[in-house]
Amino acid sequence: MVVDLRGNTGGNLFECDEAASAFVPNFSRLSRSPDGNGRTVVSMGTRLEDGQVSGAVRVPAFWTGPVSVVVDKSSASCSEFFAYEVQYAKRGPIVGEVTAGVANTATQVFPLGDAALQLTVLNYLKPDGTPYPVRVTPDVAGQDDIQKLVQGQDVLLDDAIQALQTAPTSASPNASQGNNAPDNAGSRH
């Protein structure tokens, strides 16, 4: 499966985490702020904030086949979090360009009349102390070729499909529980 995040400037981090859990069944991160640290754990579509459920996919599914993720210089925020979780877990290669560069922070907007002030209020790291990168650097570098694209050839998509040949597969997280449901059925969140 190829997940194409080119031009994706972000979105809701809760939904991003739940989507990433279809490919990386369990991951966690710490957030640091002036008010203290928090811990997010995502496991099979359920998101916990400091031990409290903060969201869940109603019927989670896990993709066990190979996966690659395509990013470009416009991929930002939530798409960077998604790509980084896949990359950090060594679940599949990231293909394309270095991303926009807001993968390690959260911002808050404070309205000021006709203007607004945007401040960084959190930064993120893995529980082992590894900081989230400012930008996601692809495992397979490449960029869109507009001339070829207008002729019907998407070189980055071709690279991502080629990367699937050596991408890892994953055992079903339910295998040890004796769950006989197909792992990839309904894998869209």
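The values are calculated or read from the model by the stated rules, or taken from the named source; none is laboratory data. Keep in mind the model is a prediction, meaning the values are calculated, not measured. Cβ sites come from the backbone with ideal geometry, for glycine too, and all protein chains shown count toward neighbours. Accessible surface areas use protein heavy atoms only, side chains included; no ligands, DNA or RNA. Shrake-Rupley method; radii C 1.70, N 1.55, O 1.52, S 1.80 Å.
Some notes on this structure:
- Within region 82-154, trypsin sites (Lys or Arg not before Pro) in DSSP loop having at most 15 other beta-carbon neighbours inside 10 Å: 90
- On the basis of the beta-carbon distance and an R0 of 25 Å, residue 158 and residue 58 show a calculated FRET efficiency of 0.10.
- Annotation note: trypsin sites (Lys or Arg not before Pro) in region 1-63 located in DSSP loop regions with a Cβ neighbour count of at most 11 within 10 Å are 58.
- Förster radius 22 Å - calculated FRET efficiency between residue 114 and residue 49 (Cβ-Cβ, nearest 0.05): 0.05
- The slack in the chain from residue 149 to residue 26, taken as 0.36 nm per residue of separation less the alpha-carbon distance, amounts to 40.6 nm.
- Taken per residue, the accessible surface of region 108-168 reaches 68 Å², heavy atoms only and a 1.4 Å probe.
- Computed extension length for residue 106-residue 41: 21.7 nm, one decimal, from 0.36 nm per residue of separation with the Cα-Cα distance subtracted.
- Contact order relative to length of the chain, as percent, for alpha carbon pairs under 8 angstrom and 6 or more apart: 26
- Å² per residue, accessible surface of region 23-63 at 1.4 Å: 55
- J(HN,Hα) series, region 79-85, from Karplus relation 6.51 cos²θ - 1.76 cosθ + 1.60, nearest Hz, glycine and proline x: 5, 5, 4, 4, 4, 5, 4
- In Å², nearest 10: area of residue 54 left accessible to a 1.4 Å probe: 40
- Helix-derived mean residue ellipticity, 222 nm - over the chain, DSSP H n ≥ 4, -39500 (n - 2.57), to 500: -4500 deg cm²/dmol
- Of the accessible area of the chain, computed with a 1.4 Å probe over protein heavy atoms only, carbon and sulfur atoms account for 51 percent.
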